[in-house]
Each structure stands twice: as structure tokens, then as C-alpha cells.
Amino acid sequence: MHNPRPGLPEFDYVRPASLSEASRFLAEHQGEARPFMGGTDTFVRMRDGFWKEKYIVDVKRLDGMGDITFDPSTGLTIGAAVNMNRVIDSPEVQEHYPLLAEAAKTVASFQLRSRATIVGNICNASPAGDTIGACIVMGGVLKVHGLDGEREVPLTGFFVGPGKTVLKPGDIVTAIRFPVLPQGHAGRYIKLGRNALSDLAIVGVTAFAYPDDTPSGYRFKLALASVAPVPLVPEKAEEILTGKPITDETIAEAAQAAMDACNPIDDVRGSARYRKYMVRNLTRRAVTDVLNRLQ
Amino acid sequence: MDVRTMTKKYVGQRITRNEDPRLLTGQALFTDDVHLPGMLHAAFLRSDYAHARIKRIDTSKALERPGVVAVYTAADMGDFWKPGPLLVPPPTAVPGAVFHKRTQIPLAKDKVRHMGEPIAVVIAESRYIAEDALEDIEVEFEPLPAVVGLEEALSPDAALVHDDLESNLAAHVIQEKGNYEEAKAKADVILQRRIVVDRGAAAAMENRGVVVNWDDKAQELTVWDTTQAPIPLRNGLAAMLGLSEHQVRVIAPFVGGGFGPKIMMFQPEEVLLPWASMRLKRPIKWIEDRRENFLATTQERGQIHDVEIALTKDGRILGLKDVFIHDTGAYDPYGMTVPLNTQCHAVGAYDIANYYTEVKMVFTNKMIVTPVRGAGRPQGIFVIERMLDLAAKELGLSPIEIRKRNFIPPDKFPYEHNIIDQAFAPLIFDSGNYPAVLEKAAAMINYEYFVKEEQPRLRAEGKHVGIGIVSFIETTGVGPYEGARITVGASGKVNVVTGVGTQGQGHFTSFAQIVADQLGVDVRDVHVVTGDTAQFHWGTGTFASRGAVVAGNAIHAAAVKVRAKILQWGSKLLDVPEEELELADGKVRVADMPEKAISLGELAVIANPLRGTVEPGTEPGLEATDYFGPQYGATANGAHAMILEVDPETMMVEIKKYVAVEDCGTVLNPLILEGQIQGGLSMGLGNAYYEKLEYDNNGQLLNASLMDYLLVRSTDMPKQIELGHEETKSPLNPIGSKGVGEAGAIPVPSLFAQALENALADYNLEITEMPLSPNKLYEMVYKK
Ligand SMILES: Cc1cc2nc3c(=O)[nH]c(=O)nc-3n(C[C@H](O)[C@H](O)[C@H](O)COP(=O)(O)OP(=O)(O)OC[C@H]3O[C@@H](n4cnc5c(N)ncnc54)[C@H](O)[C@@H]3O)c2cc1C
């Protein structure tokens, strides 16, 4: 429920000098300290009384957190603190990972995107996160600094529940890394809010594919937003699109499988029933768009 | 008026607004900009329950918190605790009317009747402390079943919102013109439908706010308040506090949107804080936050109609019967204004000889209902326009044709309806040319071409495009009266003061235009003051689309008087007859010899001499005060049309083109008029497809935030908006104006419904409910 009297509580603002110091501080203050990037989820949650952290830990200026780097042989790395407008404007993203820019563009407004980050979107682990699907289907891997130093964490299995991830106390995501994508790939993100722009997704469908040696000629990846407790990968639908020749019937069958895979809730923003049908209709549409882009 | 006397005419010109430089550079004063030394801050403890008995309140812990200055509950208020006044008289003008007055109370005493109802107020050194202290207050509740649904409210086993009443019936009014049953007996076609309209929020950009300062040495109370009605508020507060009107000054500074709820007076916050300031002898500020605004600012539109329309086979309406329930929420301080408006608008722009209308107003455990832009009119228009559309389908007529066959003809004005309106006077439509307005809208949207050529082509491409066109009327400019005082100063600049408040309507410009034309001065040299009771003593307020009509004509009348004074002085000093003078360029001059002139500034000094003698009967200065009260309200009208496209897989809608033709009589400033229409349109679209206050069965408001409650944004507005005007001047006032403040919002839900049905023609859809949403429409269409 809402806090009947919204307002930011008192907290201390901490800015550690290094990642190790930050990890240590976070681990020592488990449950009462939180790292943040753009703060667009953090401060809203605190104002609404859901989070009552004593310490807000600013890690966004630490080593490399603000950089985007692209290497044709290893891929793309986006520092955790890079805001979404910078991702959208990046020539490398536009050329090699256009799906990420397409998804980021659907987030709220220009103003919000000048603070909001992709890593924040992921770590916030809302099933409605608009950029999460793109990161999943393109094989994004998080770089994490923890008490035991650096490690990599794939997005598969990263989300545990609404707002819950496998990150441990002291863990700080420093960047998200994407591999070099297969030749000829194409993607599409369709977000459905209740209005033309800036609403949160009541359904989001990400579709991604590339030519491959399969019965359909493609390898398909899908992800669904806002229809389950965590961002959902409808594996059966992916298999249908990969394992059968592409026809209208195959697409419809996959769309139905996506619909059957999800388990949305009724809330004040949308009914479960509508959400399910929208998954079907928009999966069909997203897959069709991807196929058009593949050609 | 002699045309020769006018060099440049401002009325009717599209000039930019005088107030905008101040607003755009952040220089305008809003209530929250008021900071006073030693100012305290208030926070209200509001009920989380919609309906509960209060068993015990303990404020002792809150009082112990450092920085808390006072905590008040109903028990602390003594004799000052009283239900608020009834702001509008009961509908006794209607024979047989039943009305139970139950007005809002400053703090809940033994029970709470809606979620958000204030129970206690904390006054502290800062808002932070005040809000923290709210958590220290202990309240023991005994929850009661909540009355939420309108029909359920009237069921015999419903809980009682007011224990001393026999039922939740707040009022019952029946009005009849002609004889519906007789008309029905002669009808070829009779249609019956249930029509449901639900609640939305006014959602002004600026929430409510009050700053109060009791000056103990001067024995004066100053109140800055986001009110639409500063003078009545001043009068009421003076009476409640036992002060003279001259000891109380209410200032409504710039206000970021009124839209109706700010005409609701003596709200708990604005009554309690002056009282507290007098006791504590310190200034106090309270600024509503958005969640409070959702819970505790008045709302509108919940009604359920059972409608029957009787027609001949060629589509002439023989009679209309409308039996409806109106939700007034937990209290009814605003009387029956909203449902009476509905009764007066359910006849639309049509010549209906037989009309039966019956309303039962019910109390529910929801926030109080008072007018929100439209004020019962959109519901009435929705009823008649929907029924006409359904009848047109039944009879195979076009929406345009059925309307044309039923319009009040232009030669039938003034048209008497023989029912009582919101001003408790007989409803009379003063003037209009309804067919011309509809035809213009049809031409502007290219109706024939779209239906015959474009739509078939687009449909063949698989697009679900639809067109709609509706007409509507808007009763505006109701009395009783407003006044104004106009003074020409020694600098030659003109000062205009009036009692109405302003909430963004452009009064500083449109009023200045009226005066500039009369006095021949630059419109930028006319300074308008509104909303300060120390500047003008009499008046009622800005509501019911009446500012331009009632205050505008009062200003006009005062300007005419000042003009006469100037001519008199000019004639004497320049030694020529008045007829040979003109007022231009800030001077009075001889028309044929412009160099023979005196500036108005010089004249103002001469007219207010320091020594010597004056003639008997002379009033000093170039100043005059005058008033205007219309005989009855002027009725504006319009026709709106739109083309939209629906995505049947999601039910998302895009409005391709929107046309609004308005007849609001004389247009003062087309730029301001367009702003009013566009703003109204966005609210109307909200009422149609985006905004709905969702109360659950316990009376909990589920979407009390701007994340969940969806406001219309620029990206939801039509891609193209075209405005057209017809000018049928109102015979009821010298300027010939009619109001237009609510017009934009009124026809939109009915238009949206018609266009949606047209776009989804292959789904055989019938829309009898608003607001909708893509989600809801999808479920309606695919329910089978
Ligand atoms: C008005 C408004 C509109 C919005 N609209 C949308 C929308 O359309 N679509 C959408 O997807 N979201 C939307 N959001 C939500 C939010 O903006 C996004 O989720 C955004 O991407 C969060 O990024 P951030 O950098 O601001 O996150 P932050 O608030 O900084 O962090 C979010 C969470 O991630 C954790 N975190 C942040 N950085 C790290 C790190 N480096 N290591 C470990 N944990 C970390 C934080 O502790 C917190 O739990 C909206 C928010 C607002 C206020």
C-alpha cells in the first residue's frame, strides 16, 4: 500500500572513494544502505515509504562507471552510471545494438532518461522495466564488484522476484557487457501503456532474431515485461519460432504460447485478461516486425 | 458607439497575454510563494477508512514531539466546530423537492465518512515535524461497511452515511415539461438505455493551499488562498470568527488552475487555519500534496441514468425521460448545482416538448462532489447525444441529419424550457444558431467527403478509422452580479479592480482589452487586479463560465462611466463639444485636430485638484465603479467533430483531426478562447478514455497518485485541432458575450463514443458508459 503521508525520510549520503570501500560499506550496513545510479526508482520508493534506508551510497563516479566502450571483437560495455539518453545517442549502440536504443526510448520522458540508467532498470528488477528484455535477448552480462572482487553475472537467472535479484550485500554492478551480435540480427520492442507515451508498460514484448541453421532459418529470442513476477522468457514460443518454418500459423502459435506462458495480475492499471491478450497480439506484431527487419 | 472615436480596437484581437511575462519568468506570486517571519506549518491527519466510528483519539504523544506547537481535534474546537454553510440554496423552487442538508465538518468528530477526511491538524515549526507528528497520534476506529455504489446506496440494507437520516437519499427532484407519457403513446420508436458516467479528478497543476496571518496588533487577518471565490470566503470567515469584513483580507494570488473544486469554500483547511492562527498569534501555511489532492479535493461526475427517448419514424423527438442517481459523496455543501445542470443539459440543443427528469441524489462514503469543469453538463450532453446516435442508427439517419431535424430553430429564441436551472430560475436559452454551428463543424471536418471517399478507402486498407460529430449547449454567465472599479492614474495608466479570482483564464488581458477600447489607451497600460478583497469589496467569484460575461460586463460598464467623465473634462478644457472629441493614444483630443489634446495622465491630476473649489456633485479623479448582473444566464453552444483511428488489437486510439466550432457570442480574444477550448478538450478526453477515480468496495481510492491516475498528456491530444467560431451575440449583456470556460470539456465523451462506434462499425459496438480505457473497450468488444 501507499504511504499515506509521502515524503523523503532522513538519510545520510555516502560517497566512498573506491569500489572496495563501497562494497565494504554496503556489506557492513546490510539492509540499511543502498547504492544508486540515477535514483529515479530509489528516491520514489523512499518517498513512498517502501524503502527506509539510512544510507544512500553514491557509486556513480567510481572507475569507468560513466563510460561506453565498443570493441568490434569483444562487444559493447555500458558503464552502470551511463544515463539512457547517452545510450540512445551512442553511435555504436545505434549501429550494432539498435534494439537497446529502441527500448530505452520508450522509457518515460527525455527528462527522466537524463538520469535513469539501464543498470538501474535491471537492478530495480521491476517486471515492467522496459530495457530489461533487450538486455536479456542480446545476452547481456553484468559486471559486478563484490566483497570478493570482480565477477560476471549473466541475466539468465538474475531475477528472483519483484525487486529481488541474486546480488549479495556489498555487490555493486559496475557495467553491463554485450557480446558481439550474430550477423544480420534484428530486434523489436513494443511497449503498451495506457496512453501514447510515458506510462509504465502494462505489457512489453521484446523480440530478437538472427539467421541460423535451424528449421525456421532463424534463432529467436523473446522477453515479456509486466506479465509475471519477473521479466519472462517464453521459451516455448522461442522454440516454435526457431523449430518450424515461419508461416502466419507458426507466428500465431508462438504468440499463443507466449500468452499461455505468462501469468499477469489484475491491478488498477490493467486487467490480467487484457494483459494476456495483449501479449498474444503484440508478440505476433513484434515477431512480424522482426521478420520484416531481417529481410 | 461612434466608430470615429476608436483608433484601434482590441476586443476581438488575438493579442498575447499581459500576464505571461510574469508567469513565464517565475515572477508571479502563488500561495506557496508567501513566506512570513515566524511562520508555522500545518499537516492534517486524514482517515484511511472510508467509513468508521472514531472511538478514541490520543494526541498526547504528538504534543510532546519537539517543534510541535499545537494539535487540534474536533474536541478542541468548542463552539467553532460547526458544519460548513450550504453554498447554494436548496432547490425549493422546484415543487415537491426533497433536500437533506449535510455539509462538511472541519474535523471528524465521532465518525469518518470518506477516506481522506481530516481528523486532526498538527501545527509545527516545519512541515517535516508536523508530518512526523501525525504518526504520533493514536486513533481507535470501529470500521463500518462503506457505501460505494450509487444503487447500493439506496438499498434498504445499506449502511447509513449520516446516521440521523432514514436512508442515503440526499435529495429528490422531479421536473416535467409537457407530458412524456402522452408523447410516448404517439411514438413510432422508443429506445431505453442505461447510461453510466463515473468520477474523475480536476487535477489542477497547483494543489490547494492556504497561508494565514493573524496580526494581533492590527487585529487583522490576512488569508492567501487558492480559492476561486475570495470575497464570499472573506465574508464567511469574518462571520465565523466574529470579525468585521474589514478585519479580514482574502487574497487569491495567481492560482495554477481552478477547474471547480477551488470554488468549494469553507473547506476544513481554510476554516481551521485562520482560527488556529488567531489562537497561536502566528502565521501558518498549509500546501496540499498530490495525494491529499486526490483524497480530499472535491470531485465529480458519478451518475447512473435510465433513459428513454420517444421519436417519430422520421427522427423527431417527441419526448425524453431521464431518471438518474447522482452521487454527492459524503456531504452536499454545493446543493444540487451539478444534478440540476445535468437536468438542464440532457435536453441538449433540441426542441423537446415533453421532458420528464427525475434525480435522486445519494450520499456515499466517497469524497464530496462539487462542480468540476463541466459541472453536470457533460453527463447531460452524454445522455442526449448518445440517445440521438442510437436513434439515428435505428432509423437509418446520419448523426447530422437527426440533429438537424431536432434543433431549436434560430427564430425560436428566447426558448423557454419550463424547468428550473442551477440558478433556480426558469431555464431559458437566450440566443443561438445551432444548425449553422453544426454545418460549419461538418464542413471543417469534411464530413461528407470523409464518409463517402476517405473512410471506405482507409477501411479497405484495413484501418479502423471513425468519424464523429455532436452538438452541445452550455449554460453560462449566471448571476447574481460582479463589480469593478476603474481608475486612470497620474501616469496615464489605468487600474482595473474586480472581485473575481483568476486561475489562468487570461483575465489580465481580456478585461484590459475591454477597458483599452473604451478609454483609447494601450492594452499594456491597463493593469488588472483580481482576487484581493482589500481592493474590491463586492462580488461572488469565478465559476460557471461567468468571468468574461459577468465581470467582463461590469468592467465594461465602469469603463463607459470613466469614458464619460473624460469626455466631460475634455470638452470643458479643450472647449469643444464632446461629440468632436476622441479618445486615442492615451489622450483625449479633437478628432479633426489631433494636436489639440490632453493626456489622460494630466487629466487625472486635474480631476483630482489639491487646492481651489470643485463644482457640487463632483466625484474626484477619473474613476468609476459599476456592477453588472444578468437577467438570466447566457447559453453558449457548439459542435465538435473528430476523426480517430483505433487499433483493434490493443484499442489504443489516435485522434487524427479535431474540429471545435464555438458560439460564445462576442469573442474577446481568439487566442485565449483557443486556449480555453484546448484545455477543456484535454479534460474531456481524460473523462472519455484516460482518467477515472477507482474506488474499491471499501471506499478506498486505488489510484491516488499521478502514476496510477492517468492524466492526458500532449502526446494524447489530437494531431490536428481546428477551431471555428460563430457569433450570435447574447442579448443579455452589452458586450454580447457568453461563457466558454467549460465548453471544451462538455461534448468530448459523447463525441468520442460516437467516433469509436463508427471506427469499430464491424464490431457492432454500443457505448453507454464513460470513462473508458483501451483495456475496458477491449473487454467490451471481445466479451463474447
Ligand atoms: C516518472 C517516472 C517514470 C518512469 N517511467 C519508466 C518507464 O517508462 N519504464 C521503465 O522501465 N522505468 C520507468 N521508471 C523507473 C526508473 O526510472 C527506471 O527503472 C530506471 O531505469 C532506474 O534507473 P536509475 O539509474 O534511476 O536507478 P536507481 O534508482 O539509481 O536504482 C534502482 C535500483 O537499482 C539499484 N542499483 C542501482 N545501481 C546499482 C548498482 N550499480 N549496483 C547494484 N544495484 C544498483 C538501487 O539500489 C535500486 O534498488 C520511471 C520512474 C519515474 C520516476
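No lab work stands behind these numbers, since they all come straight from the coordinates. Quick caveat: nothing in here was measured; it's all calculated off a predicted structure. Methodologically, a virtual Cβ is constructed for each residue, glycine included, from the backbone with ideal geometry; neighbour enumeration extends over all protein chains shown.
Averaged over the residues of peptide A:266-272, the number of Cβ atoms from other protein chains lying within 10 Å of each residue's Cβ is 5. With a/c under 1.5 counting as rounded, go ahead and sort segment B:358-433 into rounded, prolate or oblate using the C-alpha gyration tensor (a ≥ b ≥ c being the square roots of the eigenvalues; past the cut-off, prolate if a/b is larger than b/c, else oblate). Oblate, since a/c reaches 1.5 and b/c is not below a/b.
Averaged over residues, the count of other Cβ atoms within 10 Å places the peptides B:736-744, B:671-679, B:410-418 in the sequence B:736-744, B:671-679, B:410-418, highest first.
Taking the Cβ of B:A607 as the center, what net charge do the other residues with Cβ under 10 Å away carry, scoring Lys and Arg +1 and Asp and Glu -1? In short, -2. Taking amide H as placed 1.01 Å from N in the peptide plane, B:K596 has its amide H under 5 Å from the amide H of B:V590, each at least 5 places away in sequence or on another chain. Find the centroid of the Cα atoms in segment B:656-731 and in segment B:590-613, then give the distance between the two in whole Å. If you average the Cα positions of each part, the centres end up 48 Å apart. Could you tell me how far the Cα centroid of segment B:416-451 sits from the Cα centroid of segment A:157-232, in Å? The distance from the Cα centre of segment A:157-232 to that of segment B:416-451 comes to 53 Å. In the distance distribution for segment A:1-181, Cα-Cα pairs more than 24 Å apart total 35 percent. Pairs of Lys residues in chain A that lie 8 or more places apart, or on two chains, and have C-alpha atoms under 20 angstrom apart add up to 16.
Tell me, what is the percent relative contact order of chain A, built from C-alpha pairs under 8 Å that lie six or more residues apart?
Details: 641 pairs, mean separation 44.2, N = 295.
Reported as a whole number, the value is 15 percent.
Using the Cα coordinates of segment A:227-295, the gyration tensor eigenvalues translate into equivalent-ellipsoid semi-axes of 23, 12, 10 Å, sorted from longest to shortest. Please sort by residue number the trypsin sites (Lys or Arg not before Pro) in segment B:1-92 whose DSSP state is loop and whose Cβ has at most 14 other Cβ atoms within 10 Å. The qualifying sites are B:K8, B:K9, B:R14. Could you tell me whether chain B comes out rounded, prolate or oblate from its Cα gyration tensor? Rule is a ≥ b ≥ c as square roots of the eigenvalues, rounded for a/c under 1.5, then prolate if a/b exceeds b/c, otherwise oblate. It comes out oblate by the Cα gyration axes. Once you list every other residue whose beta carbon is under 9 Å from the beta carbon of A:A175, what net charge do they have if Lys and Arg are +1 and Asp and Glu are -1? Neighbourhood net charge equals +1.
DSSP finds beta bridges in the protein assembly as shown, and of those with both partners inside it, around 80 percent are antiparallel.
A protection proxy built from the mean count of other Cβ atoms within 10 Å ranks the segments B:181-189, B:198-206, most packed first, as B:198-206, B:181-189. Among the residues of B:713-721, the average count of other protein chain beta-carbon atoms within 10 Å of the residue beta-carbon is 2.
Provide the FRET efficiency to the nearest 0.05 for the A:I265-A:K164 pair, computing r from the beta carbons and using R0 = 22 Å. Display every interim value, and only then the final one.
Details: r = 16 Å, r/R0 = 0.75.
Calculated value: 0.85.
Remark on B:G256: its backbone amide H falls under 5 Å from those of B:E206, a criterion applied only to residues 5 or more positions apart or on other chains, H modelled at 1.01 Å from N.
Scanning residues 5 or more positions from B:S737 or on other chains, those with amide H under 5 Å from its amide H are B:T666, B:S730, with H placed 1.01 Å from N in the peptide plane. Seen from B:P435, the other residues with C-beta closer than 14 Å to its C-beta sum to a net charge of -1, counting Lys and Arg as +1 and Asp and Glu as -1. A simple spin-label model places the labels of B:S60 and A:S109 4.9 nm from each other, with each point 7 Å out along Cα-to-Cβ.
Report, as an integer, the average count of C-beta atoms from other chains found within 10 Å of each Cβ along B:127-133. Before the final figure, lay out each step's value.
On the way: counts 1, 4, 0, 1, 3, 4, 0.
Mean partner shielding for this stretch: 2.
Here A:T131, A:T77, B:T618 are placed in order of increasing Cβ neighbour count within 10 Å, fewest first, which gives B:T618, A:T77, A:T131. At q = 0.06, 0.10 Å⁻¹ the log10 of I(q)/I(0) for the protein assembly as shown amounts to -0.55, -1.33, computed by Debye summation with a single uniform scatterer per C-alpha, solvent ignored.
For chain B, what does the relative contact order come out to in percent, with C-alpha contacts under 8 Å and a separation of six or more?
Values: 1960 pairs, mean separation 124.9, N = 784.
The normalised contact order for chain B reaches 16 percent.
The chymotrypsin sites (Phe, Trp or Tyr not before Pro) of segment B:573-674 include none that meets both conditions, a loop assignment by DSSP and at most 12 other Cβ atoms within 10 Å of the site Cβ.
In sequence order, segment A:122-128 has phi-based couplings of 6, 5, 5, 6, 7, x, 8 Hz under the Karplus curve 6.51 cos²θ - 1.76 cosθ + 1.60, θ = phi - 60°, and Gly or Pro positions carry x. In summary, the aspartates and glutamates within cross-link reach of B:K783, defined as a Cα separation below 20 angstrom excluding same-chain residues under 8 places away, comprise A:D260, A:D266, A:D267, B:D647, B:E649, B:E757, B:D762, B:E766, B:E769. Shown in residue order for segment B:706-713 are the 3J(HN,Hα) couplings computed by the Karplus curve 6.51 cos²θ - 1.76 cosθ + 1.60 at θ = phi - 60°: 6, 7, 9, 8, 8, 8, 5, 10 Hz (x for Gly and Pro). Name the chymotrypsin sites (Phe, Trp or Tyr not before Pro) in segment B:93-180 that are in a loop by DSSP and that have at most 11 other C-beta atoms within 10 Å, would you? Loop-located and lightly packed - none at all.
Inter-part distance, segment B:127-153 to segment B:271-333, computed on C-alpha centroids, equals 20 Å. In order along segment A:222-229, the phi-based Karplus estimate (6.51 cos²θ - 1.76 cosθ + 1.60, θ = phi - 60°) of 3J(HN,Hα) comes to 10, 8, 10, 9, 6, 10, 7, x Hz; Gly and Pro are listed as x. In the protein assembly as shown, the calculated helix contribution to ellipticity at 222 nm averages -8000 deg cm²/dmol per residue, counting -39,500 (n - 2.57) for every DSSP H run with n ≥ 4.
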